[in-house]
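The values are calculated or read from the model by the stated rules, or taken from the named source; none is laboratory data. No experiment lies behind these values; they were computed from the predicted model shown. So basically every Cβ, Gly included, is an ideal-geometry build from the backbone, and we count neighbours across all protein chains shown. Accessible surface is based on the protein model in full, side chains and every heavy atom, while ligands, DNA and RNA are left aside. Shrake-Rupley method; radii C 1.70, N 1.55, O 1.52, S 1.80 Å.
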Amino acid sequence: MTIVNFIIENILTEASITIALIAMLGLILQKKSVGAVISGTFKTLLGFQVLNAGSGIITGSLTYFGEIFTEGFNMQGIVPSIEAINGQAMNELGLGREIAFTFLAIFVFNILIARFTPWKYIFLTGQAILWMATMTTIFGFFVGLRGIVLILVGGLIGGIFAVAMPAIAQPIIRKVTDSDELALGHFCTIGYIFEAGVAKLFGEKGEKKKSIEDINLPSSFEFLQDTYLSVMVVMVPLYVVTAIFAGPDVVDTGGQNYMIYSFIQAIQFVVGIYVLLAGVRLLLGEIVPAFRGIAMKLVPDAVPALDAPVFFPYSPNAVILGFITTTIGTVIAMFVLPTFGLAMILPGMLTNFFAGGTAGIFGNAVGGRRGAIIGGILHGFFITLLPALLVTILTGMGFINATATDVDTIAAALLYAWIIGPILRMF
């Protein structure tokens, strides 16, 4: 277990190392020179670390925004956190070993399914697999599974999700990227497909479909065609106005005027976008060629399923639109769902940006601007509804005021609670 935990905690959940090792394996399988292997491996590692640095800057900025948003508009409720559920499961229920082995089982089942079925996707977002392992282990335990059966069932369900979600998303990813070289490896995919479905129903169609990326601006506003300037023009007012509502005492600004501090945090968000996209460009320049070695030798026609930010450069305006519309939807759901007896779920700004931004890409690709707007609002409602449904179930299991965010992991949990559990109780 010491070795297993070391591998999981220090390698498999460290996405940059995992992907760098996979790139190295691909280059070795292609019989590249030692220099090419070293270069490709470390450039892949560097690209992912730059991407992570950008995500870290964005996370810090959005954490601040979430604090002033909640305080400024006097919001109270449950904050979704899969990390808290994971900690309670390991410390109070003693399921750390089972979660670790389920994590490895998901990897193994993913490779086996990709090798022997038409679904050729290798899911490379290690942290997402950890959260899937957490949910399948907890819910498997509470429906009565134990030991190796608990691990194998969780591994199989997680492995199916790891190939099925990229496969379901691929037709739209193909439309966005104009290729099949990359797939989406993010366990919020059911939400993305939900937005795409709404966009198809209510969005623009055929020749009338206008992408948010193709906005025609007057000459005096052409500077907004620059991705970073357009993001700044949206985010600065959003941060500053929210800070006005929150007041000066919500966050320690280190003595700086709170309005100036808010302005700088908005600029930091844009800096994060810049760094993230630079990392994506560096990563893609290495991982796709290296992955051909995996495809040729281990899993024929294998496609790497990568984390959501990898796709942000393909439709940056849709990302910002998706963030805003998803946030609107989560706020609406926060007030509406309690009237039906469900828990009040506070909007999570990190989820709204990363999941909402990706959903915005899907909505825009399927239904243009109108599809992205309507789909984004309903997506925000949808990704609040599922955590609210999960709260009731988790409360009965001893997890008080707890819920998760990634809708695919919630779907796996509901599969146990609503289908596997009742079937087992029949025997």
I want to make sure I understand the PRE zone here: with the label point 7 angstrom from the Cα of ARG425 toward its beta carbon, which residues in segment 145-169 have backbone N atoms less than 15 Å away? 145
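For segment 119-272, with only Lys/Arg (+1) and Asp/Glu (-1) charged at the beta-carbon, what is the dipole magnitude about the Cα centre, in debye rounded to 20?
Numbers: 9 positive and 12 negative charges, 141 e Å.
Result for segment 119-272 is approximately 680 debye, rounded to the nearest 20.
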Of PRO80, THR136, LEU298, farthest towards positive along the dipole that unit charges on Lys, Arg, Asp, Glu beta carbons give the chain: LEU298
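Using a 10 Å cut-off on Cβ atoms, rank the peptides 356-365, 38-47 from the highest mean neighbour count down. The partial results should precede the final answer.
Values: 356-365: 31.9, 38-47: 19.2.
Top to bottom by mean Cβ count within 10 Å: 356-365, 38-47.
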Rounded to whole angstrom, the alpha-carbon centroid of segment 89-146 lies from that of segment 151-201 at a distance of 17
Given an 8 Å cut-off on Cα distances and at least 6 residues of separation, report the relative contact order of the chain as a percent. 27
Local charge sum around LEU385 (other residues, Cβ-Cβ under 15 Å, Lys/Arg +1, Asp/Glu -1)? -3
Give me the number: length gained by fully extending ASP301 to LYS200, i.e. 0.36 nm times residue separation minus the C-alpha to C-alpha distance, one decimal in nm. 33.4 nm
Taking the chain as a Gaussian network, Cα atoms linked when under 10 Å apart, which of ILE99, ILE122, ILE148 shows the biggest mean-square fluctuation? ILE148
What does the helix-only formula give at 222 nm for the chain: each DSSP H stretch with n ≥ 4 adding -39500 (n - 2.57), the total divided by the residues, and the result rounded to the nearest 500 deg cm²/dmol? -24000 deg cm²/dmol
Unsatisfied cross-links (Cα-Cα over 26 Å) in the set LYS175/LYS210; LYS32/LYS297; LYS175/LYS297: LYS175/LYS297
Expected field for THR403, accessible surface area in Å² at 1.4 Å probe radius, rounded to 10, holds 0
The set of residues whose placed amide H lies less than 5 Å from the amide H of ILE78, leaving out same-chain residues fewer than 5 positions away, is MET344, ILE345, LEU346
Solvent-accessible area per residue for segment 219-338 at a 1.4 Å probe radius, Å²? 43
Run the numbers for THR2 and ARG97: contour at 0.36 nm per residue of separation, minus the present Cα-Cα distance, in nm. 33.2 nm
Just report the Cα centroid separation between segment 239-253 and segment 363-409, whole Å. 27
What residues have an amide H closer than 5 Å to that of ILE122, excluding those fewer than 5 places away on the same chain, when H is modeled at 1.01 Å from N in the peptide plane? VAL303, ALA305
For TYR314, the accessible surface traced by a 1.4 Å probe with all protein chains present amounts, in square angstrom to the nearest 10, to 90
Rounded to the nearest 10 Å², what accessible area does ARG370 show when all protein chains are kept and the probe is 1.4 Å? 110
Just to be sure I understand the rule: take each whole DSSP H helix in the chain, project its Cα atoms onto its long axis, keep it if the span is 27 Å or more and its mean Kyte-Doolittle hydropathy is at least -0.5. Which ones pass? 34-72, 96-116, 147-177, 227-246, 258-297, 316-336, 349-396
For segment 15-72, what does the accessible surface come to per residue with a 1.4 Å probe? Please give it in Å². 43
Placing each pseudo-label 7 Å from Cα in the direction of the beta carbon, LYS208 and ARG115 end up separated by a distance in nanometres of 5.1
Return the ratio Rg/(2.2 N^0.38 Å) for segment 266-405, where Rg is computed over Cα atoms only. 1.27
Distant-in-sequence amide H partners of LYS32 (H built 1.01 Å from N, under 5 Å): none
For a quick protection proxy, order the peptides 21-31, 238-248 by their average other-Cβ count within 10 Å, most packed first. 21-31, 238-248
For segment 372-425, what is the accessible area per residue in Å², given a 1.4 Å probe and the full set of protein chains? 35
Heavy atoms only, probe 1.4 Å: what % of the accessible area of the chain goes to carbon and sulfur, would you let me know? 66
Quick one: if you stick a label point 7 Å off each Cα along the C-beta vector at LYS31 and ILE11, how many nm between them? 2.7
Just one of (1) 21.9, 76; (2) 21.6, 72; (3) 24.8, 82 is Rg and Dmax of the Cα atoms in Å as worked out from the coordinates here. Which one is it? (2)
